[in-house]
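J.: Here it is, the structure in full.
The values are calculated or read from the model by the stated rules, or taken from the named source; none is laboratory data. Keep in mind the model is a prediction, meaning the values are calculated, not measured. Glycine also receives a Cβ, built like all others from the backbone with ideal geometry; neighbour counts cover every protein chain displayed.
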Amino acid sequence: MTNAINMVGRKIGKLTVLKQDPIKNRKGAMWICECECGNIKSINGGDLRKKSGGIRSCGCSEHQTKHNMCGTKEYEAWRGMKRRCYNKNYKGYKNYGGRGIQICESWKYSFEDFYKDMGPCPKGDTSIDRRNNDGDYETSNCKWSTRVEQNRNRRINKIKNIDQANEIRSLYETGKYTQKELSIMYNCLEQTIYGIVNNKNWI
């Protein structure tokens, strides 16, 4: 593995190289790649580097036609889940893949299996959530949750940085949440929310 040409971060056609696969084949080093369709696949480095006739996608034309759900909330949840766990350049990676959170094998390589296990995403402000924030993405640990439910389940439920304060301001400005509802969501005093939305603290 030490002699392999480092390909991490390269964009090749529809593929982005995420990391080297510890498994080799007879042709040499293998690389874990994410396709624009969200699929993750291990591909030989030589096949990626070929200027003509090389691999430029996961074969997603057939993949997308199979389920016909690209762009749906369920499909975007699946893609986002994989970015958080395997794309080191993704802003939230450190809180997921960076601390060892993985995706079960059947979901990792198949949107169809993910959808079969999770079912349709309920209407409204819902997204995929893990019951145990230290556990992996798998059937027994995942459910569809509202934003309120997800915030209650966060590892950190205290206002500790300006980014979280700005998130609270943005939610309040939508008019969908009262200060009391936000205090419940973020597990803090209503007085704290009042100070944030009125720019009296965390400015």
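J.: Taking segment 88-101, which residues are surrounded by fewer than 17 Cβ atoms within 10 Å (Cβ to Cβ) and closer than 13 Å to Glu34 by Cα?
T.: Lys88, Asn89
J.: Is it fair to say Cys70 is out of contact with any helix residue (DSSP H, G or I) (no Cβ under 9 Å at 6 or more places or on another chain), at pLDDT below 90, of a type in the set (A, V, I, L, M, F, W, C) and surrounded by 13 or more Cβ atoms within 10 Å (Cβ to Cβ)?
T.: Against the criterion (out of contact with any helix residue (DSSP H, G or I) (no Cβ under 9 Å at 6 or more places or on another chain), at pLDDT below 90, of a type in the set (A, V, I, L, M, F, W, C) and surrounded by 13 or more Cβ atoms within 10 Å (Cβ to Cβ)), Cys70 does not qualify.
J.: On the given criteria, is Lys91 touching a residue at least 12 places away in the same chain (Cβ under 8 Å), assigned by TED's automatic domain parsing to the domain that holds Lys143 and not polar (S, T, N, Q)?
T.: Here the answer is no, as Lys91 does not meet what is asked.
J.: In the list Cys121, Cys142, Cys104, Cys85, which residue meets the criterion of being surrounded by 15 or more Cβ atoms within 10 Å (Cβ to Cβ), farther than 25 Å from Cys33 by Cβ and in contact (Cβ under 8 Å) with a residue 24 or more places away in the chain?
T.: Within the list Cys121, Cys142, Cys104, Cys85, the selection yields Cys121.
J.: Taking the condition in contact (Cβ under 8 Å) with a residue 24 or more places away in the chain and either polar (S, T, N, Q) or farther than 23 Å from Ser145 by Cβ (or both), does Asn44 pass?
T.: Here the answer is no, as Asn44 does not meet what is asked.
J.: On to the next question. Quick check: is even one residue across segment 171-186 within 23 Å of Lys91 (Cβ to Cβ), without any contact (Cβ under 8 Å) to a residue 24 or more places away in the chain, in a helix (DSSP H, G or I) and among the small types (Gly, Ala, Ser)?
T.: Checked against the condition, which is being within 23 Å of Lys91 (Cβ to Cβ), without any contact (Cβ under 8 Å) to a residue 24 or more places away in the chain, in a helix (DSSP H, G or I) and among the small types (Gly, Ala, Ser), segment 171-186 yields no hits at all.
J.: Looking only at segment 1-33, which residues are among the charged types (D, E, K, R), surrounded by 12 or more Cβ atoms within 10 Å (Cβ to Cβ) and at pLDDT 85 or above?
T.: Arg10, Lys19, Asp21
J.: For segment 181-188, does any single residue satisfy the condition of being modelled with pLDDT of 85 or more and either in the same structural domain as Tyr75 (by TED's automatic domain parsing) or surrounded by 12 or more Cβ atoms within 10 Å (Cβ to Cβ) (or both)?
T.: Yes: segment 181-188 contains one or more residues that are modelled with pLDDT of 85 or more and either in the same structural domain as Tyr75 (by TED's automatic domain parsing) or surrounded by 12 or more Cβ atoms within 10 Å (Cβ to Cβ) (or both).
J.: Of (1) at pLDDT below 80; (2) more than 23 Å from Asp113 (Cα to Cα), Gly59 satisfies all except one. Which?
T.: Going through the list (1) at pLDDT below 80; (2) more than 23 Å from Asp113 (Cα to Cα), Gly59 breaks only (2).
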